[in-house]
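The values are calculated or read from the model by the stated rules, or taken from the named source; none is laboratory data. Note that the structure is predicted; figures quoted are calculated from it, not measured. Neighbour counts run over all protein chains shown; Cβ positions are idealised from the backbone, glycine included.
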Amino acid sequence: MNANEIRSRPSLRRLLTVEFVLLATALVLLLGAASYWAVVRSFREYAFEQQRARASVIAPILAQYYETRGSWEGVEQVLRFLYAGSGPGGGRGHGPRHWRDRIVVFDAGGRLVADTFPEYQLNWEETLTQAVPVVSQGERVGFVALTGASPSGLGLGELEQAAVGRVLAAVVATVTVSLGVASFIALRLSRRIALPFEGLRDAAVRVSSGDLGAEVRLAPEGAPQEVADLVAAFNSMSRELRASEERKKAFLRDISHELRTPLTILSGNLEAIGAGVISPDEETIKAMSREVARLEGLVRGLKDLDEASEAYQLNPVALAPEEVVEHAVSSVSGPCQSRRITVKGYVKEGTGLLYADPDRVTQVLSNLLSNALRYTPDGGWIRVEAAPSGEEGMARITVTDSGPGVPEEEATLVFQRFYRGDPSRARATGGSGLGLAIAKAIVQRWGGRIWVERDKEGGAAFSFTVPLLESLPPEHDAGHRTKGKLKT
């Protein structure tokens, strides 16, 4: 689908307006038709009752006439006499427009005998339905009915038809006004609903054009909750995109900075050797080897961080917390002895079997212990402890050192890539700045969390949670419950 086809589609506001107006029109017309039908029916029923009542008054007069004559011959004279008083003007002299009722007489067999308006159409079924029997000496000799003097034979008189006309005019006026009000409300409602979506569209276009921080202003008051939630979700996504872009730029700046230092040293030494300024003696070669090692460590750290951030496969097995702690302590015993650092391990009572990938647990502990060694002074101490975490299905492993600790405002920043809280730290002791970021990515991969606190003695205490074997469902494959081994 090309852009022209998309632009040719009607807007959401137009669609909503049309739909609302059509719905309102249908409802108003339906209501108006129902009201008109109900009023007309009421008028007709009222007119029929009045006509039937007047016919009941005429019926005895016609019965007396039939008794006198013995037939309906000449009854037209009686009808003319009766009709002379039925109209508002008292007779035919006022013309058809002023005549009110039409008198119709039938014999006992239902045949038409007399009609004051024979030239007009006659609704036989309706007229016979409302006709009143004419009874003479206990015998039904005919029927008499009054109906409206209308050429169409509808049964309503001129007054009733005029009233119905006024009702129709009122219904039409009401429908017209209602449609106008409904259209106004539809326009306001469609605008209220469509406005946030139009803002979302504009913001999405800005994001696609590179403005990753584009946001939508809050949904107007009275907008549906779903619309407000959608606007909030989009703004949150936009902020996250902007933060992600900023992190990406910061990462590129940091990595270029980290690479620049060793490369500058290597380049400077090589140029000096080539120019004969310095000789490639053992000390120079060692210095260059250290910078190469730093570059290798940086590349290895980036590779580990990339792997830890991906959805790689974990291979969890049952691990004894005592073995995990003992392995961690032994892995740093050599560097600790050379610097007179005391390193000890503890496992608190009640700590159950762990359920984790042994290689990844070793990698996390290695990074935390390397960080502890980096900031623990000679003659200090490091402690590795496993204990219940207080969280259901989780144990806690903590690495504590006697170093300077981490300020509270940096507690979350230290897990960012290349972060160094103290700018004065030399890179020789500051490491690549990736170890804690790698540890965080690994721990989050198995659903745990990692954090740092200040120890009561002033050092840093890095803790992370590990799943317990007891958190596995009973039906879990027994093969995963076999005890695993840690690798150095």
Quiz item: Does region 348-372 hold any residues that are surrounded by fewer than 16 Cβ atoms within 10 Å (Cβ to Cβ) and of a type in the set (D, E, K, R), and which are they?
Solution: 348, 349, 359
Exercise. Would you mind stating whether residue 99 is at pLDDT below 80 and buried (at least 17 other Cβ atoms within 10 Å of the Cβ)?
Key: yes
Self-check item: Condition check for residue 439: in contact with a helix residue (DSSP H, G or I) (Cβ under 7 Å, 6 or more places away or on another chain), at pLDDT below 95 and either hydroxyl-bearing (Ser, Thr, Tyr) or in the same structural domain as residue 320 (by TED's automatic domain parsing) (or both)
Solution: yes
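For every residue, the table says whether it meets (1) in contact with a Gly (Cβ under 7 Å, 6 or more places away or on another chain); (2) at pLDDT 80 or above; (3) assigned to a helix (DSSP H, G or I).
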residue: 230; (1), (2), (3): no, no, yes
residue: 244; (1), (2), (3): no, no, yes
residue: 256; (1), (2), (3): no, no, yes
residue: 273; (1), (2), (3): no, yes, yes
residue: 277; (1), (2), (3): no, no, no
residue: 294; (1), (2), (3): no, no, yes
Practice problem: Please enumerate the residues belonging to region 123-167 that are surrounded by fewer than 16 Cβ atoms within 10 Å (Cβ to Cβ), modelled with pLDDT of 80 or more and among the hydrophobic types (A, V, I, L, M, F, W, C). | Solution: 135
Self-check item: From the options 204, 186, residue that is modelled with pLDDT of 70 or more and more than 30 Å from residue 238 (Cβ to Cβ)
Solution: 186
Quiz item: Out of all the residues in region 190-203, which are exposed (fewer than 15 other Cβ atoms within 10 Å of the Cβ) and touching a residue at least 24 places away in the same chain (Cβ under 8 Å)?
Solution: 191, 198
Self-check item: Qualifying residue in region 418-430 (condition: over 24 Å from residue 356 (Cα atoms) and at pLDDT 90 or above)
Solution: no
Quiz prompt | Filter pass, residue 176 being at pLDDT below 85 and outside the structural domain of residue 62 (by TED's automatic domain parsing) | solution = yes
